[in-house]
1. Taking the Cβ-Cβ separation of Arg699 and Glu595 as r and a Förster radius of 22 Å, what is the calculated FRET efficiency to the nearest 0.05?
2. So the label point goes 7 Å from the Cα of Lys495 along Cα→C-beta, right? Which residues of the stretch 637-672 then have their backbone N under 19 Å from it?
3. For Asp92 and Leu125, calculate 0.36 nm times their separation in residues minus their Cα-Cα distance, and state this gained length in nm to one decimal.
4. Looking only at the chain, where both bridge partners belong to it, what percent of the DSSP beta bridges are antiparallel (to the nearest 5)?
5. How high is the FRET efficiency between Glu626 and Ser479 when r is their beta carbon distance and R₀ equals 45 Å, given to the nearest 0.05?
6. For n ≥ 4 DSSP H runs only, could you compute -39500 (n - 2.57) per run for the chain, divide by its residues and tell me the 222 nm figure to the nearest 500?
7. In nanometres, what is the gap between the two model label sites at His237 and Lys463, each 7 Å from Cα along Cα-to-Cβ?
8. Multiply the residue gap between Phe175 and Asn62 by 0.36 nm, knock off their C-alpha separation, and tell me the result in nm, one decimal place.
Amino acid sequence: MKFRLTIGFSLGLIFIVLFTFFAAVIAVIDYRVTSKLDGVLWTVPAKIYSRPLELAERSLLNIKNLERELDMLSYVSSDKPETPGQYKLTKDNLKIYLRGYQDQRSGIFEVSFEGKQVISIRNQLGIAEDFIRLEPIAIGGMYPSHMEDRVLLNWPDVPQVLIDTILVVEDQNFFNHYGVSFKSISRAFFKNIQAGEIEQGGSTITQQLAKSLFFSSEQTIRRKIMEAIASLLIELHYSKEEILLAYINDVFLAQSGRRAIHGFGMGSQHFFGTSIENLSKDQIALLVGMLKGPSLYNPRRNPNNATNRRNLVLKILNRANKISNTELETLLQNDLGISSPNYRTETKYPAFHDLVRIELQKNFNESELRTKGLAIETNLDPVLQESLQKNIVKSKKELVRKYGNKLSDIEGAAIAVDITNGEIRAVVGSTSPSSYGFNRSINAIRPIGSLVKPLIYLTALDKYNDYTLTTILDDSKLSLISGGKVWEPDNFNKKFHGEIPLHVALWQSYNIASARLGLDVGYESVEEIFANLGITKQVPNYPSLFIGSFELSPFEAIQAYQTIAGDGFYTPIRSIRQIKDTAGDIELSYPYSIEQRIRPEPITLLKFALQQTFIRGTARGYSKKEIENWNAGGKTGTSDDQRDSWFVGFAGDLLLLVWLGFDDNRPTPLTGRTGAFQVWKNVINDINPPSTEKTILPRVEYIWTDLKDGLLSGEACKNSIKVPFIKGTEPTKIPDVRRKCASKKQQSTETILDRLREVFEGGQG
């Protein structure tokens, strides 16, 4: 009896211990389930996008660039656009089936052009639209340490066809079980035996979710038991819709470099370049079919396997009466329709990504950027960015071919900005622009050479009662004491040019005349202009400042020129437009701001001189028609011993700055013209910015003057040039030797007018 009691007691104790143990296990699993699913389920990285391309009535358009961007967005040319992502483009018409983006609905739209201008936009009903918006290109992200990437879907975002396909293929009894289904396990076993391949799995959707969230992939009895317990607890705490949505957002679909593609939202973007609601039934079938083997059925790597798997899923849908026989036959004939990947690395454009990160860090910490799922819409123009990268690489190859291997490690940087609003449209930080590393566009602090001269001349022209474009400057030998040493600047050609008009000295980039002008206007006046242009660095009080010893980064330099190109209106240059949260609400915007800091009249005079740089000066090579069409102007820059080659220029609505040089600051064989200008020219020729209208100021008039003495002249006179003056500052004297030639054109015009007047008046009589 005593023995029986002892055995009973022992068994009872064992039962209590086991019960307590299993209760503790269940409690732990329950805590993990609720804490995970009740809190932040996933860390979602911030996504960085280019600007969405907008086509609006009366907007300017380069058709070649439009076609480039459509290709980058994986739109496909078709004689008859019938599905999202197709278009037909002619010289005067675009018919496009938009995929849809934010408030831009999907559908067919027709855009008509006349030359380079959009004249009308109509939807498929023939109703006029003010504008349409193409989706942006994904250009990078800020990923958490586990590098999981996903686009979270909410329940209303999930198409019914996706739900039907998942349930038919993965768990037909999902809404009728409690997390574990022995019926499903048995049915899947016999179905797969009959088919001779894996059509269905035995695990429920809840079990698959539990395994993904809480357990490893080890095939052990212990893991299966824990998975089953977790599944039952998930079903206890959450609705079927919540479980299914979590599954839809969690599934692993592909590996892209270091990024892991999770969820059908991200999978749709990754493989088809559009959101899930725009996918066809066969495309959804492909994504669902990939769940059985994301690597084996990856359509980019294994298209045959992917096609066979998709077709199998379509047949399963047909047997489940989700698609008809006719529809099945049609869908089986479709191509996979896979788009080119939007991402190739953590970010496609490292230098631009650096600028974005700097701006973001002013308002967000690193954790927020890696976990909150922010959508960052930037100002990047992908066509311009690709052109800038291509041409800086091309130019380096040409320079190496011309000068030999001594330029094999030449480096460079470039920034392109929209003149009208300060949006940074493209950035390159290296002659290997796709590589990570030192970003010279923001971190290379270099002497800007002759790029400083327009700033000095603007200082003078702003004092328009004292200086005009024809004010005579002295380009003779200069010698003075600076820093206890004798300073004697030379011109690049080692020659002196005597007395010359101010504008000639600028577009010929004469050092001595520029130095004398800087000394005349004074350091304080120069510093004031620098500040108005957006330069925050202190101006050094030494005369070499006036010919280019002043150091700036490309980013700082282009900010100054942005104000010049923008007619005296200062606009902070910026890379970001707006940031949205996962719900699509604006978290933060970066509005356009503008402030007039310099009067437009002196700027107009300066821009005239910068235009002459292309016509007569150091950047010759364009026709006068091209220059006037673009309202182009620019300036070369070469530092001491040709250590730095610079060019900054504006054409149409685009301001572009280029720098070339060695990181170790050793001399190059390049000037601004032979180095940086060649990159600038190649990009502008490639992009061909739309023409812009010239600003007409009532206080500015154009008068014929002489190139040598700056006094009055005439169109018929030799060496004459039509120069702008602020009214009241124009020259009044004309040399006797030019009176005759100056009057020839006027006399001829007057004679013709007199004859026309006689004919007209005679007819009236």
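Rule-based calculations on the coordinates, nothing more; no lab input. This is a predicted model, so every value here is computed, not measured. Because the Cβ atoms are built from the backbone with ideal geometry, glycine has one as well, and the counts that use them run over all protein chains shown.
1. 0.60
2. It comes to 671-672, nothing else.
3. Fully extending the segment from Asp92 to Leu125 adds 9.9 nm.
4. Antiparallel bridges: around 90 percent, rounded to the nearest 5.
5. My answer for the efficiency is 0.60.
6. Calculated mean residue ellipticity at 222 nm is -12500 deg cm²/dmol.
7. 7.6 nm
8. 35.3 nm
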